[in-house]
1. Only one of these conditions is not met by Ala212: (1) farther than 24 Å from Ser108 by Cα; (2) aliphatic (A, V, I, L, M); (3) touching a residue at least 60 places away in the same chain (Cβ under 8 Å). Which number is it?
2. Any idea which residue in segment 27-62 is modelled with the highest pLDDT, counting only those that are among the hydroxyl-bearing types (Ser, Thr, Tyr) and over 23 Å from Ser150 (Cβ atoms)?
3. Yes or no: segment 90-108 includes at least one residue that is within 21 Å of Gly187 (Cβ to Cβ), without any contact (Cβ under 8 Å) to a residue 40 or more places away in the chain and in contact with a strand residue (DSSP E or B) (Cβ under 9 Å, 6 or more places away or on another chain).
4. Considering only residues that are surrounded by fewer than 21 Cβ atoms within 10 Å (Cβ to Cβ) and touching a Lys or Arg at 6+ places or on another chain (Cβ under 7 Å), which ones fall in segment 164-194?
5. Just a yes or no: is a residue in segment 141-157 within 20 Å of Gly178 (Cβ to Cβ) and of a type in the set (D, E, K, R)?
6. The conditions are (1) at pLDDT 95 or above; (2) surrounded by 15 or more Cβ atoms within 10 Å (Cβ to Cβ), and Asn85 fails exactly one of them. Which is it?
7. Would it be correct to say that Pro146 is surrounded by 15 or more Cβ atoms within 10 Å (Cβ to Cβ), in contact with a Phe, Trp or Tyr (Cβ under 9 Å, 6 or more places away or on another chain), assigned to a loop (DSSP other than H, G, I, E, B) and not β-branched (Val, Ile, Thr)?
8. So if I check each of Asp136, Asp206, which one is of a type in the set (Asp, Glu), surrounded by fewer than 20 Cβ atoms within 10 Å (Cβ to Cβ), at pLDDT 95 or above and part of a loop (DSSP other than H, G, I, E, B)?
Amino acid sequence: MKTKRAFLIGALVALCVALGACSNSSSSNTKSANAEVKKGVAPVADPEVAVIHMENSAAYGDITIELYSNIAPKMVERFKTLAKNGTYNGVTWHRINEHVIQSGDPLSKDNDPKNDGTGKSDLPNVPAEFSDLKYDTGIVGAARGPDNNSANSQFFITLRREQGFDNRYTIFGKVIGGMNSAMLISGVEPKDGERPVEPLRIKSIDIVPRDAAK
């Protein structure tokens, strides 16, 4: 029993570290426990979807994301704003592992890989919009720090069921096309830790009517 418990705790810590979100696990867990969680609300797809285009389009196809504005209206609005104003143009997938691929850091555009994952947009942080939706394969979540209300520009896509994320990170969408591209990105080698040595850059993220998405 002790061995099993230690394994589960270790796995949860690894997941938190993967998102850069548990520098102080005790305070983070307390804040998460006290955060309001929207319960029993089914996600409703926004009329618009987000289409991620990679710079290396020959190797990686588009990733299409449906957005849940009824679940996380503030984060969906922020994501749309940053996509439309070009903040995401040229950012990298700066963290990839077997759990998630993560992007959205404006600092990943520069030539200093050491600061990748530490940046955010010039806009204020977005308050937590936690829900009881499950982190299944393809869920799009808002990355944050130990403070529940520190989401800003960074986002991640889960590659499999991640129970440890439930009720702890804002869910604002789901991949509905191109999950194979996300899996290809997750397997890129070589890596320096979790950062691909050769940058994997997003060319742009387009916000388009759902019917117009390929």
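1. (3)
2. First, the residues of segment 27-62 that are among the hydroxyl-bearing types (Ser, Thr, Tyr): 27-28, 30, 32, 57, 60.
Now drop any that are not over 23 Å from Ser150 (Cβ atoms), which leaves 57, 60.
Details: Ser57: 91, Tyr60: 95.
Ranking the qualifying residues of segment 27-62, first place goes to Tyr60.
3. no
4. Within segment 164-194, Asp166, Glu194 meet the criteria.
5. no
6. Of (1) at pLDDT 95 or above; (2) surrounded by 15 or more Cβ atoms within 10 Å (Cβ to Cβ), only one is false for Asn85: (2).
7. Here the answer is no, as Pro146 does not meet what is asked.
8. On the way: Asp206 fails: part of a loop (DSSP other than H, G, I, E, B).
None of the others qualify; the one that does is Asp136.
The values are calculated or read from the model by the stated rules, or taken from the named source; none is laboratory data. All values derive from a computational prediction rather than experimental measurement. Cβ coordinates were reconstructed from backbone atoms using ideal geometry, including for glycine residues, and neighbour counts include every protein chain displayed.
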